[in-house]
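What follows is a set of notes on a single structure, which appears directly below.
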Amino acid sequence: MLLVVLGVVFVLIAIAAWVGVRGFLAKGELEQAIPLATEMKSRVVAGDGDAAQAAGSQLQSHAAQAAQLTSDPIWRAAEVVPWIGPNLTVMRELAASVDTVAQGAVRPLSNLAGSIQLGDFKPVDGRIDLDPLIAAQPDLAAADATISQASTDIRSIDDLDVIGPLADARDSYEAQLADAASAIGGLDRAAQLVPAMLGADGARNYLMLFQNNAELRSSGGIPGALALIHTDDGAFAMTEQASSSDFPHYDAPVIELPTDVRAIWGENTAEYIQDVGYTPQFPLTGQIAREMWKRQFGTEVDGVIATDPVMLSYLLEATGPVTLPSGDVITSENAVQLLLSDVYARYENPADQDAFFASAAAAVFAAVASGDADPKKLIDAFIRAGDERRVLVWSSHDDDQEILEGTTLAGELPSSAGSASRFGLYFDDQTASKMDTYLDMEVAMGDVVCRKDERPYYELHVKLTNTAPADAATTLPEYVTGGGLKGVAAGNISTSVAAYAPPGSYNLGALRDGKDSGYYPSIENGYPLSKFSTELAPGESTTLTFGFLGDDPSKRGAGLEMTPMLRNVPVNRLPLTCENAVL
């Protein structure tokens, strides 16, 4: 009997030693693999494809070894042992996931890094070679599918009964997968979308709206200048330009507006080219602008792209200074000041201002098309502008639009598909002026759980200040102040502010300067919203407070999408508690 007991003890010790040694080795393999992912990314960004490929190969080797060390029969048998078993299961699943990602995503991506350079996407004489992008589509699609599935799988791993360091490793890995899924998903969509938009399957036309942030609209600003972009087999050129003054006031909406849009934003949204961005739903803005261009110029475009002077300043970081037809030299440092402030002091005629704006847009476009821009800085400019919603895209082609859906480029109402609820905050000028260069704002948002059903409460604070000089009514040009045209005193700034909550949320109301005030509760496309109209004299401020009750207890934290302003507005964290909540 003693021999049997000793035999069992010996076997258990041997199993523990086997599992312990293999676990230690697997931990070392994973610790060597993770930094290689960061190195591979930095090598790709630096354009060193060979080094990126080498880092990817090493990562795959370490990941495969870690998976092998944690998947033998003895390891699997030990997973049934109380306490230690759940830890072994989580470690095995983590190692298996890293191996799957290494083989299904890192391998094709490292191969691409070794065969494609950033310079391959540089325009040459107004044309981009689409072949590298088209050739990359299968590998990017495979990597995207692998990363997405791994992100889903890792969230299902139960780490409630595991030691802290292992749980932390699992959470860190999940966060890295989420970042990778976002980046790879964006590359995959770009590889599908860019060739199509650049005419890989036939010539296309796109309408560009150059939005003026000095007169705000939900999508960014009024389209002061417009242009037609023709693409064909990678070649692209600006073939026609226009200004907002070239469009009439249409007697009736050019397309049928949804009832809620018509009620909230008015029929002007589809009657004036300047007002197509009133609604924060850019797919609707695109359809309206497309129809107006067709009626005025006869071309039915394949899509609509919107951008602003801040985006142009980012592009100028890649192209370097550009000389305009007027003789001005526009740079990344002076672009916003020149286009949204200096131009008004120089030209009294609005048509001349729009013409200057159009010439600047055309000159920067030509500089990008020439191929002289730094490709890395150019890509960085587009990524930065996309993240800030300074470039929006709508396509009339269903396949393209499906790729755009859910991205910041689509300009849709916020999606709360992730772990946090996402809200929208949109601003529209009601002064009919260019006074928004003087509109300053502070934004803060917080959330707290106070109810037994654990439904989260959200509060959004918005402080607006008119920073114009006290004598703005007499010292600023009438074209800037509006001259009282819309019943707003010269020098004052009138702004519509709308806060949108996710569908299913309950609108708890809104306050102005801590008091009940005239706000408009409504629903657009299923999103509860509150909307204020404000008017501020020079030096005056007001604070708006919006409250919403969420419907999903699993959501923790809140994100906010905003109208892109002249200056980026940080969203500060509101230290919200059950005691200091206002609504």
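In region 375-415, which residues are in a loop (DSSP other than H, G, I, E, B), touching a residue at least 60 places away in the same chain (Cβ under 8 Å) and of a type in the set (D, E, K, R)?
Within region 375-415, the first condition is being in a loop (DSSP other than H, G, I, E, B), and the residues that meet it are 388-391, 396-397, 405-407, 411-415.
Pick out the ones that are also touching a residue at least 60 places away in the same chain (Cβ under 8 Å) and you get 388-391, 396-397, 407, 411-414.
Of everything in region 375-415, those that are in a loop (DSSP other than H, G, I, E, B), touching a residue at least 60 places away in the same chain (Cβ under 8 Å) and of a type in the set (D, E, K, R) turn out to be 388, 389, 390, 412.
From the list 335, 289, 318, exactly one residue is modelled with pLDDT of 95 or more, among the small types (Gly, Ala, Ser) and touching a helix residue (DSSP H, G or I) at 6+ places or on another chain (Cβ under 9 Å). Which is it? Give the steps one after another, and end with the answer.
On the way: 335 fails: modelled with pLDDT of 95 or more; 318 fails: modelled with pLDDT of 95 or more.
Testing whether each residue is modelled with pLDDT of 95 or more, among the small types (Gly, Ala, Ser) and touching a helix residue (DSSP H, G or I) at 6+ places or on another chain (Cβ under 9 Å) leaves just 289.
Give all pairs with beta carbons closer than 9 Å in which a residue from region 270-297 that is touching a residue at least 24 places away in the same chain (Cβ under 8 Å) and more than 24 Å from residue 500 (Cβ to Cβ) meets a residue that is assigned to a helix (DSSP H, G or I) and of a type in the set (Val, Ile, Thr); count only pairs at least 6 apart in sequence or on separate chains.
273/288; 292/273; 293/273; 296/273
Mind listing just one residue for me: the one in region 497-533 that is touching a residue at least 40 places away in the same chain (Cβ under 8 Å) and either touching a helix residue (DSSP H, G or I) at 6+ places or on another chain (Cβ under 6 Å) or in a loop (DSSP other than H, G, I, E, B) (or both) and, of those, farthest from residue 281 (Cα to Cα)?
514
The rows are residues; the columns are (1) free of Cβ contacts under 8 Å to residues at least 12 places away in the same chain; (2) small (Gly, Ala, Ser); (3) within 25 Å of residue 125 (Cα to Cα); (4) assigned to a helix (DSSP H, G or I).
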| site | (1), (2), (3), (4) |
| --- | --- |
| 358 | no, yes, yes, yes |
| 366 | no, yes, yes, yes |
| 373 | no, yes, yes, no |
| 417 | yes, yes, no, no |
| 437 | no, no, no, yes |
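Need the failing condition index for residue 403 against (1) out of contact with any His (no Cβ under 9 Å at 6 or more places or on another chain); (2) at pLDDT 95 or above, just the number.
Here residue 403 clears every test but (2).
Surrounded by fewer than 23 Cβ atoms within 10 Å (Cβ to Cβ) and either assigned by TED's automatic domain parsing to the domain that holds residue 474 or not polar (S, T, N, Q) (or both), is that true of residue 325?
When the stated conditions are applied, residue 325 passes them.
So which pairs qualify, if the first residue must be in region 557-569 and under 20 Å from residue 313 (Cα atoms), the second must be small (Gly, Ala, Ser), the Cβ gap must be under 6 Å, and the two must be at least 6 apart or on different chains?
Matching pairs, first to second residue: 563/218; 564/220.
Filter region 524-569 for residues that are touching an Asp or Glu at 6+ places or on another chain (Cβ under 7 Å) and among the polar types (S, T, N, Q) and give the result.
525, 542, 543, 545, 568 - these are the residues of region 524-569 that are touching an Asp or Glu at 6+ places or on another chain (Cβ under 7 Å) and among the polar types (S, T, N, Q).
Out of everything in region 156-197 that is at pLDDT below 75 and among the β-branched types (Val, Ile, Thr), what residue ends up being surrounded by the fewest Cβ atoms within 10 Å (Cβ to Cβ)?
Here the answer is 163.
Given (1) hydroxyl-bearing (Ser, Thr, Tyr); (2) part of a helix (DSSP H, G or I); (3) assigned by TED's automatic domain parsing to the domain that holds residue 393, identify the lone condition not met by residue 172.
Result: residue 172 passes all but (3).
Within region 249-269, identify whether any single residue is closer than 29 Å to residue 137 by Cα, in the same structural domain as residue 335 (by TED's automatic domain parsing) and of a type outside the set (Lys, Arg), and answer yes or no.
No, that holds for no residue.
Please work out which residue is modelled with the lowest pLDDT, limiting yourself to region 521-551 and to residues that are among the acidic types (Asp, Glu) and within 26 Å of the chain's Cα centre (by Cα).
Of region 521-551, the ones among the acidic types (Asp, Glu) are 524, 535, 540, 551.
Those left that are additionally within 26 Å of the chain's Cα centre (by Cα): 524, 551.
Values: 524: 94, 551: 87.
Restricting to residues being among the acidic types (Asp, Glu) and within 26 Å of the chain's Cα centre (by Cα), the top hit is 551.
Among the numbered criteria (1) polar (S, T, N, Q); (2) at pLDDT below 95; (3) assigned to a helix (DSSP H, G or I), which single criterion is violated by residue 326?
In the conditions (1) polar (S, T, N, Q); (2) at pLDDT below 95; (3) assigned to a helix (DSSP H, G or I), residue 326 misses (3) alone.
The values are calculated or read from the model by the stated rules, or taken from the named source; none is laboratory data. Keep in mind that this is a model prediction, so the values were computed, not measured. Note that we place each Cβ from the backbone using ideal geometry, even for glycine, and neighbour counts take in every protein chain shown.
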